[in-house]
Amino acid sequence: MKKIRIALASSDGEFIDTHFGKCEAFRIIDMDKHTKKYEYIEIRKSDRMCGQNGHTAEGLENIIKLLCDCSYVIVARIGIWIKADLEKREIIPIEFFGTVKEALEKTHFCSSRMRQI
């Protein structure tokens, strides 16, 4: 069984409702790529990247380190330059606003982008 590790920008574990840069905690799941059944692994606390002074490169680096074992991150919104930076690091950002279940059901996860867990 191949699993995909995904970070969710969700305030409550039920809805994808948080902007990448304002996410204070990412919920990490492992999902079976065939059945799309998933289990919550942990919550990883993050310093918000968006603040009074805007985005910082250091803030982005800290979040990338936090999510480095994830193949995907599903967020309500994400900036274009942050999206490109994540893709360079082989973390695929997906914008989706709705329930976690809907996000996982409607998203096509490319097997060539999966990391072994």
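Every read-out reported here was derived from the displayed coordinates using simple, explicitly stated rules and does not represent laboratory data. For clarity, every value in this text was computed on a predicted model and none was experimentally measured. Here Cβ is always computed from backbone atoms with ideal geometry, including for glycine, and neighbour counts include all displayed protein chains.
Here are the numbers:
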item: Relative packing of 83-96, 12-25, which averages over residues the other C-beta atoms within 10 Å, highest first; result: 12-25, 83-96
item: Relative pair counts by distance (%), Cα atoms of region 51-108, 10 Å bins; result: 20, 51, 26, 3
item: Karplus 3J(HN,Hα) series, Hz, for region 84-101 with 6.51 cos²θ - 1.76 cosθ + 1.60 (x for Gly, Pro); result: 4, 5, 4, 4, 4, 8, 6, 10, 8, x, 10, 8, 7, 10, x, 6, 4, 4
item: Linear extension gain, residue 107 paired with residue 40, 0.36 nm per residue minus alpha-carbon span; result: 22.3 nm
item: 22 Å Cα-Cα threshold exceeded, pairs from 83/106; 36/83; 3/65; result: 36/83
item: Label-point gap, in nm, between residue 19 and residue 48 - each point 7 angstrom along Cα→Cβ; result: 0.9
item: Which of 36, 3, 45 has the fewest Cβ neighbours within 10 Å, and the rest in rising order; result: 45, 36, 3
item: Scattering curve values for region 3-113, log₁₀ I(q)/I(0), Debye with Cα scatterers, q = 0.24 Å⁻¹; result: -1.52
